[in-house]
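Enquirer: Before I ask anything, let me first share the structure, which is written out below as structure tokens.
The values are calculated or read from the model by the stated rules, or taken from the named source; none is laboratory data. Being a predicted model, the structure only gives us computed values, none of them experimental. Glycine also receives a Cβ, built like all others from the backbone with ideal geometry; neighbour counts cover every protein chain displayed. With ligands, DNA and RNA removed, areas are computed over all heavy atoms of the protein, side chains included. Shrake-Rupley method; radii C 1.70, N 1.55, O 1.52, S 1.80 Å.
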Amino acid sequence: MIDLLYTEVEDELRAGVRAMLSDRSPARRVLARVEGDEPYDPTVWRALGAEMGLAGLAVPESRGGAGASWREVAVVCEELGRAVTPAPYLGSAVIATGVLLALDDPLLAELAGGARTAALAVPFGTAPGSAARLAAAEDGVVSGEVRGVADAATANVLLVPATDGLYAVEAVHAARRPVVSLDLTRPLCDVTLDAAPGRRLAAGERATAAIEAGLRAGAAMLASEQLGVAEWCLGSTVDYLKVRHQFGRPVGSFQAIKHRLADVWVGVTQARAVARYAAGCLAAGDPDAPIATALAQAHCGPVAVTAAEECVQLHGGIGFTWEHPAHLYLKRAKADAIALGTADRHRARLASLVDLPVGAAPH
């Protein structure tokens with residue numbers, strides 16, 4: 001049975017990550033960075049990857065990692081979501097690392113230390129079970145274009161699915177064009193490869209399985225990120241409504257407001273359970289991992305969006321301003337809701353995984 005409770009080690013990890021992000025990536029600093037051209041803060045990534053060793057949490061010690069599990073990675077993702085931290089953690093330490101773990105490739109050691117980052121060159125909306133070979137390869141060179149790749153703008157290495165396998169391509173050989181994205185804290189870019197030299201990591205079914213492993217890890221950990229977003233939105237809204245007064249009373253004392261917050265709390269509590277189950281299944285190599293991941297994404301995305309919408313609305317006028325961080329959480333929640341597959345896409349996948357005909361009428 002998968003244990004949904006946090007361990008003492010996970011609680012200590014959470015406290016450490018939260019303290020670091022509070023010090024080095026507070027809301028005012030995030031707001032300032034997204035107004036510029038470089039939302040990613042290299043000092044924050046250095047702290048996450050090199051100083052705290054979090055880039056290699058899921059990597060075995062034999063490959064230079066911490067030898068932990070996806071459960072610990074999920075805790076980090078919760079905190080990064082709670083702080084809407086602009087960092088390539090999901091793309092490099094989760095998705096790309098998940099691909100390389102399936103192949104036990106030596107590149108893992110470079111990513112684990114945080115000195116280099118990697119990105120899987122597929123559109124950010126690609127869901128598990130639907131990866132396409134988007135590039136052509138011949139004689140060790142790769143050509144093609146991939147649109148809307150997350151965390152590729154600052155990556156050192158691109159993992160490129162091609163017609164005859166999966167390739168590792170040094171990012172300096174690719175043209176990367178930033179594109180406008182809703183979530184300013186996670187920039188996207190279009191990647192163009194024109195006869196770029198690459199190293200083939202795997203071919204055939206082995207390559208397909210590795211890509212699937214990376215996308216599944218990404219979707220499962222994204223659920224924990226969405227949980228963190230929703231938790232911040234709920235907590236900050238409750239705190240605000242305790243001190244904001246109207247008609248001589250705290251706004252939070254009105255029954256209609258209480259009902260709305262209670263609905264969000266129920267959703268967040270359920271999201272925590274399904275996100276923890278997905279992380280636990282992934283960590284244990286449980287055969288239920290595909291089902292748990294699809295369930296987590298089907299549920300956590302809408303919960304995060306609802307929590308962020310309520311956060312903006314219940315903060316009143318200040319919640320709609322650019323100076324308040326609420327809009328960052330709404331944009332992250334909206335962008336995450338279509339990342340690695342929409343909730344509808346995951347519900348359809350869940351139905352197929354449990355042999356339930358899609359669109360079947362209830363009995």
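Enquirer: What's the extension gain from Ile338 to Glu12 if we count 0.36 nm per residue and subtract their Cα-Cα distance? Intermediate values should be presented prior to the final figure.
Expert: Numbers: separation 326, 0.36 × 326 = 117.36 nm, distance 3.16 nm.
The span from Ile338 to Glu12 would gain 114.2 nm if fully extended.
Enquirer: If you don't mind, another one. Under 14 Å Cα-Cα from Lys258, which aspartates and glutamates qualify once same-chain neighbours fewer than 8 residues away are excluded?
Expert: Asp239, Glu310
Enquirer: Using the per-residue mean of other Cβ atoms lying within 10 Å as a proxy for protection, in what order, highest first, do the peptides 41-52, 296-307 fall? Could the numbers behind the result be given before it?
Expert: Values: 41-52: 17.3, 296-307: 26.1.
Put in order of decreasing packing, that is 296-307, 41-52.
Enquirer: Using bins 20 angstrom wide from zero, how does P(r) for the chain break down, in % of all Cα pairs?
Expert: Reading upward from the zero bin: 31, 58, 11, 0.
Enquirer: With the dipole of the chain worked out from charges on the C-beta (+1 for Lys and Arg, -1 for Asp and Glu) around the Cα centre, which of Leu340, Val157, Ala284 lies farthest toward the positive end?
Expert: The one lying farthest along the dipole's positive direction is Leu340.
Enquirer: Taking the mean number of other Cβ atoms within 10 Å as a proxy for protection, how do you rank 260-272, 279-291 from highest to lowest? Please list the in-between numbers first.
Expert: Details: 260-272: 16.5, 279-291: 19.2.
Put in order of decreasing packing, that is 279-291, 260-272.
Enquirer: What does the charge count near Val142 come to, summing +1 for each Lys or Arg and -1 for each Asp or Glu among other residues with Cβ under 14 Å from its Cβ? Before the final figure, lay out the partial values.
Expert: Working: positive: Arg133, Arg199, Arg200; negative: Glu138, Asp139, Glu145, Asp164, Glu170, Asp194.
Computed value for this residue: -3.
Enquirer: In whole Å, how far is the Cα centre of the range 185-249 from that of the range 22-51?
Expert: 16 Å
Enquirer: GNM on the chain, C-alpha springs below 10 Å: top fluctuator among Phe320, Phe124, Phe254?
Expert: For the chain, modelled as a Gaussian network with Cα springs under 10 Å, the answer is Phe254.
Enquirer: Continuing with the same structure: If you take the beta carbon distance between Glu138 and Ala209 as r and set R0 to 35 Å, what does 1/(1 + (r/R0)^6) give as a FRET efficiency, to the nearest 0.05?
Expert: That pair, Glu138 with Ala209, gives E of 0.90.
Enquirer: Just add up the charged neighbours of Cys300: K/R +1, D/E -1, any other residue whose Cβ is under 12 Å from the Cβ of Cys300.
Expert: Value of the local net charge: -2.
Enquirer: If you roll a 1.4 Å probe over the chain with all protein chains in place, what percent of the accessible area is carbon or sulfur? List each step's numbers first, then the result.
Expert: On the way: 8720 of 15340 Å².
Roughly 57 percent of what the probe reaches on the chain is carbon or sulfur.
Enquirer: What base-10 log of the normalised intensity I(q)/I(0) is obtained for the range 267-355 from the Debye formula, alpha carbons as equal point scatterers, at q = 0.25 Å⁻¹?
Expert: Relative scattering, expressed as log10 I(q)/I(0), comes to -1.16.
Enquirer: Also: Once both axes come from the Cα atoms, what is the angle between helix 289-314 and the longest principal axis of the chain, in degrees from 0 to 90, rounded to 10?
Expert: It works out to around 40 degrees.
Enquirer: Starting from the Cα-Cα distance between Phe254 and Arg28, subtract it from 0.36 nm times their residue separation and give me the gain in nm to one decimal.
Expert: Gain on stretching Phe254 to Arg28: 78.3 nm.
Enquirer: For a label point 7 angstrom out from the Cα of Glu38 toward its Cβ, which stretches of the range 178-210 have the backbone nitrogen within less than 13 Å?
Expert: Output list for this probe position: empty.
Enquirer: What number comes out for the charge environment of Val99, summing +1 per Lys or Arg and -1 per Asp or Glu over other residues with Cβ under 15 Å away? Intermediate values should be presented prior to the final figure.
Expert: Values: positive: Arg63, Arg116, Arg133, Arg199, Arg200, Arg206, Arg216; negative: Asp104, Asp105, Glu110, Asp151, Glu205, Glu212.
Charge balance near Val99 sits at +1.
Enquirer: What's the ranking of 336-345, 110-119, 62-71 by average number of surrounding C-beta atoms within 10 Å, highest first?
Expert: Working: 336-345: 20.8, 110-119: 22.3, 62-71: 18.9.
Per-residue Cβ counts within 10 Å, averaged per peptide and sorted highest first, yield 110-119, 336-345, 62-71.
Enquirer: Computed over the Cα atoms of the range 1-100, what is the ratio Rg over Rh, Rh following Kirkwood? Walk me through the intermediate numbers first.
Expert: On the way: Rg = 13.8 Å, Rh = 14.1 Å.
Radius of gyration over Kirkwood radius for the range 1-100 works out to 0.98.
Enquirer: Can you list the cysteines of the chain that have no other Cys Cβ under 4.7 Å away?
Expert: Cysteines of the chain left without a disulfide-compatible partner: Cys77, Cys189, Cys281, Cys300.
Enquirer: If each of Val238 and Arg177 carries a label point 7 Å out from its Cα toward its Cβ, how far apart are those two points in nm?
Expert: 4.7 nm
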